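Each remark here refers to the structure printed beneath this line.
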Amino acid sequence: MKERIFRKLMKLIALFNIFIFLFPTFIVLRYLLFDTMGGILEFVFPLFSMYLGLVATSLICKKEYYFTTRLLSYTAVLIPAISCGFIYTDRGIARSLVESTFVGIFYIIGSINYPKSYQDTFSPKVLSFSMILLTITMFLASSITILRPARATVFIFILIYILLTMLIKSEENIDEVFMYRGVEIPEVQRSIRKQNSKLIILLYGVILIMFNIKDFLAATLKFLLLIYVKASIFVMYLLSKLLSTSDGGSSDGGSQAQQLPFEPGKSDKFLNYLFTAIAVIIIIFAIYKALPKVIKAISQFIAYVKALFTRVLKIKENKYDDSECVEIVEITKQTVDNKVKKKKKINLISILKKTTDPTKRIRLMYQIILSEFGRRGIDIAASDTTGQVVEKAAGIELVENEIENITSIYEKVRYGEEPPQNQALTSMEEGYIRILSKPKG
């Protein structure tokens, strides 16, 4: 269940990354046409429309994902597009049409990606296209004079895009490693994902600081200077109060108490020197006290980074025992069997009728179910894990209630050492019959 939630979350992130690299292009077009980059509404409305397309398609195509339902889900784009047109009516017909078009494009993107996994949503082709599009957009915003005000905004979107792309591709690589082995170990996967995310955020933070080291140092010094000025004014104010009290007050003390002491050109030189000396002593004392803690914190941070890199990059000897190696060999053989079965999938049902072994029957029924998914328009790749099959098949009627139970039985047979019980075989056969008895429409 957690793995399924994770994949749905990653799909939402992949869609958001598509929005991040497309939206700067619309910012440049909007600025070129209407001399405005837009505001929060121009950002939220297309983003909401994209996720609306995803949700609307999941509801419309929940039972059947055929041509008619897909067409209906695409037609629903008129709802956000027309709504957007009414909102921008007071800004002119041209602006209204352009904004409606933007909203419609993002709705279609969300709708199209409904049956896809997050790897397919942000595929290598999409990655290549996004890099080319962002390069062109940044070049136009930097080279064309009238578009230069939009350059900073485009650059911010590029920074967000880089972070999300690093995250998506790293998680995809983790999935591919486990997929290559043919097994899923949720506890190990979660641990690797957690450490991997921390490392990505750490490296990304270092990259941001290194590329903006000048601005970072300037901002730090400005902050320290601001603290120094505020502290100086406060100390000067306290000194003025103490001195005015020790002098027993003055005739114009009431008016002087309302303003800050030691105004430029009017302060006593001795007091200025005294304040400077006190301020220097306080700063030196603070540095003396804080420096060991700062050095200790830096040392701990370096040790943490070193340990993190060691855990991620270190290759341990004898990590897998012999039983896991046997499992890998068995899975490789099963992959060859799958290719043979795919060529002879017409005879699978007849083979099932002649088979009495419970383990073989469950394997054959699962293979027939996968073939049935393919005939119903669900693209099941040979490299898909059982979790990905569950996600892809969620759009078929009756399957959503059956697929998780069937997958659980199959996984126990596939990776378990004991033969299936009669109850498991009966449950598998019932789910198999319910799925195959559903008309194709």
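The numbers here are math on the coordinates, done by the rules we state, and not lab data. Because the structure is predicted, anything quoted here is derived from the model rather than measured. Cβ placement follows ideal geometry from the backbone for every residue including glycine, while neighbour counts extend to all protein chains displayed.
So the values come out like this:
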{"quantity": "20 Å reach of a label modelled at LEU32, 7 Å along Cα-to-Cβ, counting backbone N of segment 106-144", "calculated": "106, 129-144"}
{"quantity": "From phi via Karplus (6.51, -1.76, 1.60), per-residue ³J(HN,Hα) for segment 92-97 in Hz, x at Gly/Pro", "calculated": "x, 5, 4, 5, 4, 5"}
{"quantity": "Loop-located trypsin sites (Lys or Arg not before Pro) in segment 23-93, at most 15 other Cβ atoms within 10 Å (DSSP)", "calculated": "LYS62"}
{"quantity": "Segment ILE302-LEU348, extension gain: residue separation times 0.36 nm, minus the distance between their alpha carbons", "calculated": "10.6 nm"}
{"quantity": "Neighbourhood charge, 13 Å Cβ-Cβ cut-off, centred on PHE106 and excluding it, Lys, Arg +1 and Asp, Glu -1", "calculated": "-2"}
{"quantity": "Extension reserve of the GLU411-SER143 stretch, reckoned as 0.36 nm per residue once the Cα distance is removed", "calculated": "90.8 nm"}
{"quantity": "Inverse of mean 1/r across different Cα pairs in segment 1-146, Kirkwood, Å", "calculated": "16.3 Å"}
{"quantity": "Neighbour-count ranking [beta-carbon atoms within 10 angstrom, fewest first] of MET131, MET50", "calculated": "MET131, MET50"}
{"quantity": "Phi-based couplings in Hz for segment 290-304 (Karplus 6.51, -1.76, 1.60; Gly and Pro marked x)", "calculated": "7, 4, x, 5, 5, 4, 5, 5, 5, 4, 5, 5, 5, 5, 5"}
{"quantity": "At R0 = 35 Å, FRET efficiency that the Cβ-Cβ distance of ASP384 and LEU72 yields, to 0.05", "calculated": "0.80"}
{"quantity": "Per-residue ³J(HN,Hα) for segment 162-173, Karplus 6.51 cos²θ - 1.76 cosθ + 1.60, θ = phi - 60°, Hz, x for Gly and Pro", "calculated": "4, 4, 5, 5, 4, 5, 5, 5, 5, 5, 5, 5"}
